[in-house]
């Protein structure tokens with residue numbers, strides 16, 4: 001899959017992993033509040049951010065996404081008191097995997113998004129997409 | 001190619017979706033996709049007529065998968081699972097796509113892009129549906145008995161309510177008497193009701209109900225089984241062990257008052273006491289207020305002691321929360337002190353006054369009666385010293401430009417908050433998660449405030465976090481309602497979206513056992529080798545075991561590796 005073929009108005013394409021009980025309701029709240037963000041952002045909900053396979057992050061980048069954002073449970077996780085650390089471990093492993101495959105590890109970002117963090121989610125998407133644009137520009141300079 | 005037969009329904013949501021997303025374009029795009037037998041748009045997918053149409057289609061076309069692209073699954077996941085079930089389709093072969101909250105409502109000014117995104121989202125749902133498998137819930141007959149841990153006001157009140165609904169209640173209390181903290185207090189805010197009398201009344205209510213058994217000096221030492229049918233063992237008076245079966249458990253273990261560090265706001269100096277100690281002094285006083293045989297004429301209250309703390313090197317685990325009850329209790333105590341001696345001078349050194357709701361009236365009353373309120377800055381807190389036999393408090397008043405005031409009180413009352421009660425044994429037995437504040441954690445503070453990740457175990461009162469007495473009882477009633485709703489049906493169906501093991505791949509390295517905090521993975525034998533086995537009644541489906549498996553032998557049903565990668569491919573794919 002070519003990344004360029006599926007571009008949305010040229011904006012960086014972001015895959016978000018959300019969590020069913022914490023961050024996905026926060027992302028829904030952004031919708032309920034009609035707080036716009038880029039249509040290039042799509043979301044896959046999972047039960048808990050500590051259960052994300054690092055290989056899914058690599059797969060998403062290989063498939064054409066410019067970046068992956070893990071909207072983590074953080075300390076609000078109902079399953080695990082140490083969810084932040086566990087999700088951090090997943091991120092670390094995923095970033096190593098990206099580096100091994102010659103992808104910039106900064107294409108993966110994690111932040112805790114709570115169930116009412118609509119504004120925070122909107123802001124994260126804006127900043128992450130801006131960072132991805134810079135990242136790509138920097139890489140292109142290096143290549144040229 | 002797939003041999004699946006899937007029906008796809010795209011909802012207009014009366015314009016909430018179709019005003020910003022071209023639903024017909026989505027339908028036309030996915031109708032040609034592999035596995036799609038029928039694709040329709042519908043004005044309201046959740047309407048009776050639309051549900052009947054889906055049921056008819058499922059039966060007519062013998063569909064084995066259903067995708068509904070409408071609102072958030074938080075609203076209608078169970079509605080459409082029920083539709084599938086009524087049509088004879090396995091409800092776990094239904095997938096809901098969030099086309100409203102995560103598409104139409106956030107891209108209202110870009111219909112073409114919102115539509116393109118909608119096509120990708122529906123295709124991702126379709127990819128997940130193609131790989132879905134029929135799953136069965138595990139039905140467990142529920143036992144109409146409830147264990148309540150903690151016989152404070154929340155526990156006592158919950159016991160009486162459940163008993164009135166016809167449930168047998170086992171109420172266990174770690175200390176030798178029921179009543180908890182409230183049993184030690186006299187007048188309570190806001191209505192001056194006596195705490196001891198309140199507990200005595202509740203205790204009498206408990207005695208009148210034959211279906212409540214109260215065990216004091218008792219603790220829970222073992223728990224097995226699952227929601228609806230827990231086998232428990234309680235130890236009474238450190239000797240006798242009693243085995244029981246209950247359908248649900250309510251944890252109402254209460255709080256501990258914050259105990260200041262020596263030297264914290266002068267704590268340890270004669271005349272510096274905590275709010276609970278001051279309450280006791282007030283309750284025991286007849287006539288003028290005195291402390292250690294000396295009349296008390298000047299009282300200084302210092303608020304937020306042990307609450308809203310900042311992290312420092314000396315205090316790596318601060319209590320960052322507000323304890324909610326303490327501003328109210330301190331202001332009420334000032335009113336009680338004034339009733340004993342109208343000439344007593346009272347100075348309240350506060351950070352922010354949080355006598356919220358109806359309790360604001362107490363604050364006004366205290367002010368009218370002569371209490372002086374001085375706001376201090378958290379970065380420059382009051383200083384308490386002893387010079388000779390006199391206590392001296394120096395504070396900078398924020399409201400008069402930080403000017404320093406010196407007070408010479410007879411008594412300094414540290415308005416202390418709540419801290420989580422030491423419950424490590426109980427935490428271990430119930431495997432109940434605690435939050436970063438150390439209190440028991442609910443699934444969701446707003447949407448599921450008394451439920452925990454351990455199905456059938458509910459939390460109530462201040463075991464969950466600081467609360468006033470009224471809030472504590474309200475949460476106990478919520479736990480009663482959830483518990484009764486669970487048990488009244490007579491059975492419970494356990495969600496099958498839990499971990500599963502690829503028996504060929506697993507080599508029993510034990511990593512998953514370490515990752516699971518619920519003890520849901522055990523060693524089992526398979527074709528002559530040892531592998532991991534999932535205990536369905538204990539697995540919560542969180543998936544923490546999945547990424548730690550070096551053999552990729554673990555998946556969570558509904559979120560398998562194949563499903564997620566197929567969804568990623570569909571979302572990344574070109575829209576044609």
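Figures for the structure shown
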{"quantity": "Failed item, numbered, when residue B:376 is tested on (1) buried (at least 19 other Cβ atoms within 10 Å of the Cβ); (2) more than 34 Å from the chain's Cα centre (by Cα); (3) closer than 19 Å to residue B:265 by Cβ", "calculated": "(2)"}
{"quantity": "Qualifying residue in region B:397-405 (condition: closer than 14 Å to residue B:251 by Cα and assigned to a loop (DSSP other than H, G, I, E, B))", "calculated": "no"}
{"quantity": "Residue in region B:123-141 that is out of contact with any helix residue (DSSP H, G or I) (no Cβ under 7 Å at 6 or more places or on another chain), at pLDDT below 95 and within 9 Å of another protein chain (Cβ to nearest Cβ) present", "calculated": "no"}
{"quantity": "Single match in A:71, A:137, A:130, A:60 (criterion: in contact with a helix residue (DSSP H, G or I) (Cβ under 9 Å, 6 or more places away or on another chain), part of a helix (DSSP H, G or I) and either at negative phi or surrounded by 23 or more Cβ atoms within 10 Å (Cβ to Cβ) (or both))", "calculated": "A:60"}
{"quantity": "Residue among B:249, B:242 that is buried (at least 20 other Cβ atoms within 10 Å of the Cβ) and assigned by TED's automatic domain parsing to the domain that holds residue B:162", "calculated": "B:249"}
{"quantity": "From the options B:470, B:476, B:484, residue that is touching a helix residue (DSSP H, G or I) at 6+ places or on another chain (Cβ under 6 Å) and not in a strand (DSSP E or B)", "calculated": "B:476"}
{"quantity": "Among residues of region B:84-106, those that are closer than 30 Å to residue A:41 by Cβ and free of Cβ contacts under 8 Å to residues at least 40 places away in the same chain, counted", "calculated": "10"}
{"quantity": "Verdict on residue B:412 being under 38 Å from the mean Cα position of the chain (by Cα) and either more than 18 Å from residue B:220 (Cβ to Cβ) or modelled with pLDDT of 95 or more (or both)", "calculated": "yes"}
{"quantity": "Condition check for residue B:81: under 30 Å from the mean Cα position of the chain (by Cα), over 20 Å from residue B:18 (Cβ atoms) and surrounded by fewer than 20 Cβ atoms within 10 Å (Cβ to Cβ)", "calculated": "yes"}
{"quantity": "Filter pass, residue B:392 being surrounded by 14 or more Cβ atoms within 10 Å (Cβ to Cβ) and more than 30 Å from residue B:471 (Cβ to Cβ)", "calculated": "yes"}
{"quantity": "Residue list for region A:98-125, restricted to those being in contact (Cβ under 8 Å) with a residue 12 or more places away in the chain and assigned to a helix (DSSP H, G or I)", "calculated": "A:98, A:106, A:107, A:118, A:119, A:120, A:121, A:122, A:124, A:125"}
{"quantity": "Residue list for region B:541-576, restricted to those being surrounded by fewer than 22 Cβ atoms within 10 Å (Cβ to Cβ), assigned to a helix (DSSP H, G or I) and within 7 Å of chain A (Cβ to nearest Cβ)", "calculated": "B:561, B:565, B:569"}
{"quantity": "Failed condition for residue B:153, given (1) closer than 25 Å to residue B:484 by Cβ; (2) touching a helix residue (DSSP H, G or I) at 6+ places or on another chain (Cβ under 6 Å); (3) surrounded by fewer than 18 Cβ atoms within 10 Å (Cβ to Cβ)", "calculated": "(3)"}
{"quantity": "Wholly within region B:227-290, strands (runs of 3 or more DSSP E) carrying at least 3 residues that are more than 26 Å from residue B:420 (Cα to Cα) and in contact with a strand residue (DSSP E or B) (Cβ under 9 Å, 6 or more places away or on another chain)", "calculated": "B:240-246"}
{"quantity": "Residue match in region B:35-49 (condition: closer than 24 Å to residue A:46 by Cβ, more than 37 Å from the chain's Cα centre (by Cα) and away from every other protein chain (no Cβ under 14 Å))", "calculated": "yes"}
{"quantity": "Residue check, residue B:139 outside any loop (DSSP other than H, G, I, E, B), in contact (Cβ under 8 Å) with a residue 24 or more places away in the chain and under 15 Å from residue A:43 (Cβ atoms)", "calculated": "no"}
{"quantity": "Filtered residue count, region B:330-363, keeping only those that are assigned to a helix (DSSP H, G or I) and over 16 Å from residue B:300 (Cβ atoms)", "calculated": "12"}
{"quantity": "Matching residues, region B:84-122, being part of a loop (DSSP other than H, G, I, E, B), within 13 Å of another protein chain (Cβ to nearest Cβ) and surrounded by fewer than 21 Cβ atoms within 10 Å (Cβ to Cβ)", "calculated": "B:108, B:109, B:110"}
{"quantity": "Selected residue (criterion: modelled with the lowest pLDDT) from residues of region B:494-540 that are over 30 Å from residue B:90 (Cα atoms) and either in contact with a helix residue (DSSP H, G or I) (Cβ under 7 Å, 6 or more places away or on another chain) or assigned to a loop (DSSP other than H, G, I, E, B) (or both)", "calculated": "B:517"}
{"quantity": "Residue match in region A:90-110 (condition: in contact with a helix residue (DSSP H, G or I) (Cβ under 7 Å, 6 or more places away or on another chain) and modelled with pLDDT under 95)", "calculated": "no"}
{"quantity": "Positions within region B:437-479 being touching a residue at least 24 places away in the same chain (Cβ under 8 Å), within 12 Å of chain A (Cβ to nearest Cβ), under 17 Å from residue B:422 (Cβ atoms) and surrounded by fewer than 24 Cβ atoms within 10 Å (Cβ to Cβ), in sequence order", "calculated": "B:437, B:439"}
{"quantity": "Among residues of region B:235-264, those that are farther than 24 Å from residue B:438 by Cα and more than 21 Å from the chain's Cα centre (by Cα), counted", "calculated": "13"}
{"quantity": "Residues being more than 20 Å from residue B:566 (Cα to Cα), in a loop (DSSP other than H, G, I, E, B) and either facing another protein chain (nearest Cβ under 7 Å) or out of contact with any strand residue (DSSP E or B) (no Cβ under 9 Å at 6 or more places or on another chain) (or both) - total across region A:6-38", "calculated": "8"}
{"quantity": "One residue from A:43, A:57 being touching a strand residue (DSSP E or B) at 6+ places or on another chain (Cβ under 6 Å), within 20 Å of residue B:121 (Cβ to Cβ) and more than 7 Å from every other protein chain (Cβ to nearest Cβ)", "calculated": "A:57"}
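The values are calculated or read from the model by the stated rules, or taken from the named source; none is laboratory data. Quantities reported herein were computed from a predicted structural model and do not represent experimental measurements. Because the Cβ atoms are built from the backbone with ideal geometry, glycine has one as well, and the counts that use them run over all protein chains shown.
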